[in-house]
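To start, the structure itself, in structure tokens.
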């Protein structure tokens, strides 16, 4: 117990003694003087420690008062809540969870954090991990607001907690951000944890290594590692944070035995690997997948041998004859070829086999699952085709013997028809099918609670046609990533700022309540909310979340059935649904 906490206890004790007829007023005054001395000493210590870490301005004096209340011991040392924390919400930004992965630690699993002396301030986010360039066009301008500074020294996490005491045991929610495994950071405004923390969670966001810095496999890297593998460093980063939560989150009011991974896009790809990873067993207890799962769609996930071969080619293209030369390359040089090395692999350690085979064999972490996709996932991405001629030639070239099957699922007989369906194959084949398949398999094989959603809100600000670049503008719709600010209750802190309406706020309140209920108990339902039915199989309903919030039939089933047939054929095996 801290000196100040002891002082508070003694204050209560002294008041009780004052009421007792046997206590003297002289004893009471003596007790109060001792309390005052201890409080002053605690504040003085905080002031001196913070002064050693960052000066003695008026802002530092204010931070010292926060330190007297909100210093927390974690792995590596003591941290103090950010200066903008309040009595109702403490924020801790930039807590290191591993040593900087630089120099000889580049392309190694996270190493123990370097201890620090004094009290570490948490006013600012850390640098984001080094990223690829932001995509051009709508994908970049709408989906990814890349404004963070970047560094290889990026393995830090952030915590939002409204817990008043360390013993509250609030549900913990760890966010794995999206960004195609190439960009993104836990500090992006859409991931702000304040909304969910205000509803009762302890929210953690994190950075993980990206592109080749997060996924490069190479024979020399495998040879030097303890488990004989390489690649999947981004996943090791996530596992390191789960272990950090296990060891430290109780001090921040969280329950280490009630951890939910919530994830979107590429983050959901990582989370679906952790779903089947023996290295994550027991470290999380519920799973939320938004818009993706890492099922092999069209081709198997690369094996270690395949990834090592790709890594050797990557190194040769950089003119790096060996691992030392590769580590000597700058991060900018490494990321210049990032598109070639940017996905999880079957390494035999984090991911022992193809995800669908692990699911079939029951080798998964069978936790409650909440998953879903958006009505217009594909609209930020390039159109499948824009003319009938283009559609006809692309279908034949891409789908071969399945061309007629594709045309039956996505029929078009004019340019207008093609433009009407132009974004649907991306929506279904890349995003919806993966989630739909994992949800079916989880419900049938894992025998764990499963809940499916379908997000349909088309915000009113899409009436600005110049914003979307589509005609008509409303077709941009419930695009990929749009659900985030609603489920995370982040309308007021999203970037860029939007003109949200009362309808948007009602949807956000409901969606975030579902999410926090699921984190608490594994069931999104709660008082005052429309009933969300459990998903038990292909004939079950999904929960529509939009202007209408109610159970509905799973959409696009004829299109999803096409992808079942196509992916099973291209993989040469039945998939787990």
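The numbers here are math on the coordinates, done by the rules we state, and not lab data. Please read all numbers here as calculations on a predicted model, not as lab measurements. Cβ placement follows ideal geometry from the backbone for every residue including glycine, while neighbour counts extend to all protein chains displayed.
Tell me, what is the FRET efficiency for residue 502 and residue 88 to the nearest 0.05, using R0 = 22 angstrom and their Cβ-Cβ distance as r? Before the final figure, lay out each step's value.
Values: r = 24 Å, r/R0 = 1.09.
Result of the calculation: an efficiency of 0.35.
Which of rounded, prolate, oblate describes the stretch 270-310, given a ≥ b ≥ c as roots of the alpha-carbon gyration tensor eigenvalues and a/c under 1.5 marking rounded, otherwise prolate only if a/b is larger than b/c?
On the way: a/c = 3.54, a/b = 1.57, b/c = 2.25.
Because a/c hits 1.5 or more and a/b fails to exceed b/c, the stretch 270-310 counts as oblate.
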Based only on other Cβ atoms within 10 Å, what is the fewest-to-most ordering of 440, 573, 427?
573, 440, 427
Of every Cα-Cα pair in the stretch 339-395, the percent that sits beyond 14 Å
76
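When 485, 172 are ordered from fewest to most other Cβ atoms inside 10 Å of their Cβ, what list results? Don't skip to the end; give the middle numbers.
Details: 485 27, 172 30.
The most exposed by this proxy come first: 485, 172.
What is the packing order of peptides 298-304, 445-451, taking the mean over residues of other C-beta atoms within 10 Å and listing the highest first? Before the final figure, lay out the partial values.
On the way: 298-304: 16.9, 445-451: 18.4.
Ranking the peptides 298-304, 445-451 by packing returns 445-451, 298-304.
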Packing-based exposure ordering (other Cβ within 10 Å, fewest first) of 205, 510
510, 205
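How much length is gained on full extension from residue 561 to residue 353, taking 0.36 nm per residue of separation minus their Cα-Cα distance?
On the way: separation 208, 0.36 × 208 = 74.88 nm, distance 2.51 nm.
Extra length from residue 561 to residue 353 when fully extended: 72.4 nm.
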Spherically averaged projected area in nm², based on the convex hull that wraps the Cα atoms of the stretch 393-439:
3.6
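Residue separation times 0.36 nm, minus the C-alpha to C-alpha distance between residue 134 and residue 444: what's the value? Can you show the working numbers first?
On the way: separation 310, 0.36 × 310 = 111.60 nm, distance 3.91 nm.
In short, 107.7 nm is gained.
Rounded to the nearest 0.05, what FRET efficiency do residue 226 and residue 416 have when you use their Cβ-Cβ distance and R0 = 51 Å?
Numbers: r = 59 Å, r/R0 = 1.16.
With R0 = 51 Å, the Cβ-Cβ based efficiency is 0.30.
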Just to verify a number: FRET efficiency for residue 569 and residue 116, C-beta to C-beta distance, R0 = 45 Å, to 0.05?
0.20
What ranking, highest mean first, results for peptides 153-163, 305-315, 393-403 when packing means the other Cβ atoms within 10 Å averaged over each residue?
153-163, 305-315, 393-403
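Assuming 0.36 nm per residue, please report the length gained on full extension of the stretch residue 316 to residue 492 beyond their Cα-Cα distance. Walk me through the numbers on the way to the answer.
Details: separation 176, 0.36 × 176 = 63.36 nm, distance 4.75 nm.
Between residue 316 and residue 492, full extension yields 58.6 nm more.
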